[in-house]
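Notes follow the structure.
Bear in mind these aren't lab numbers, they're just calculated from the coordinates by the rules spelled out. Here the structure is a predicted model, which means the values were calculated and not measured. All Cβ positions, even for glycine, are placed from backbone atoms using ideal geometry, and neighbour counts span all protein chains on display.
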Amino acid sequence: MRPTPDQTIDSAVADAALESVAAEAQTKRGKTGSPADQKVADLEQQVREANDRALRSHAELENYRKRSQRELVDERRYAIIPFARDLLTVVDNLERAIEAAQKSPDGSVLLDGVKLVADQLESVLQAHQCVRIETVGTPFDPNFHQAIAQEPSDEHAAGTITRATQAGYKLHDRVIRPAQVFVSTGPAT
């Protein structure tokens, strides 16, 4: 791995400082091979090894970051696989119901088959913590419901949901889609 410009500058400064110290020590002593020269050479070697270890550690850290990022992207991309796998059985049963309806002149068989598939779909959603938001007879809550109209009702008190036009769902505690509902204004006058 190539060193970064900062690492190259740091390494060059350290090498220049070591050469300067070594040259100064050599001129003071006037000889080569003295114990001081040996000590300087040892220190130079230690600095080079430390720089090499630092570069390797930096490269390993960068590789770890890249690998973690790739794994996170893959995990997010394929997180829905268990859900999709469970839904495929629902699709298979829906196809079987359609096939059975084509063979049978009796329409009630198709209705029964589709009801079974709808129940199976509901159970798959619940198994993945995707549940239907309660509507009729419950107080209107703008966090879970979307009011599309108000209507008078002798059955329900004001602010209570009288009927739903579209089911709402939540996943764990987060609303995926609010339920579209009619809200009571109280008894008609």
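Exposure proxy for 132, 174, 65: other Cβ atoms within 10 Å of each Cβ, ordered fewest to most, give 174, 65, 132. Listed by chain and number, the aspartates and glutamates placed with their C-alpha closer than 15 angstrom to that of residue 66 are 74, 75; residues fewer than eight positions away on the same chain are left out. A simple spin-label model places the labels of residue 86 and residue 157 3.6 nm from each other, with each point 7 Å out along Cα-to-Cβ. Near residue 146, the amide H atoms lying under 5 Å from its own belong to 179, 180, 181; only residues 5 or more places off or on other chains count, and H is placed 1.01 Å from N.
Using the Karplus relation 6.51 cos²θ - 1.76 cosθ + 1.60 with θ = phi - 60°, the per-residue 3J(HN,Hα) values for the range 134-148 come to 5, 10, 4, x, 9, x, 5, 10, x, 6, 10, 10, 10, 6, 9 Hz, with x marking Gly and Pro. Going from the residue with the fewest nearby Cβ atoms within 10 Å to the one with the most, 162, 138 rank 138, 162. Bridgeable aspartates and glutamates around residue 170 (alpha carbons under 12 Å apart, same-chain partners fewer than 8 residues away excluded): 134.
Only aspartates and glutamates eight or more places from residue 115 in sequence, or on another chain, were considered; those with a Cα closer than 19 Å are 86, 92, 95, 99, 106. Each 10 Å bin from zero up to the one holding the largest Cα-Cα distance in the range 132-189 carries the following percent of pairs: 29, 50, 17, 3, 0. Applying both filters, DSSP loop and at most 10 other Cβ atoms within 10 Å, to the GluC sites (Glu not before Pro) of the range 87-177 gives 155.
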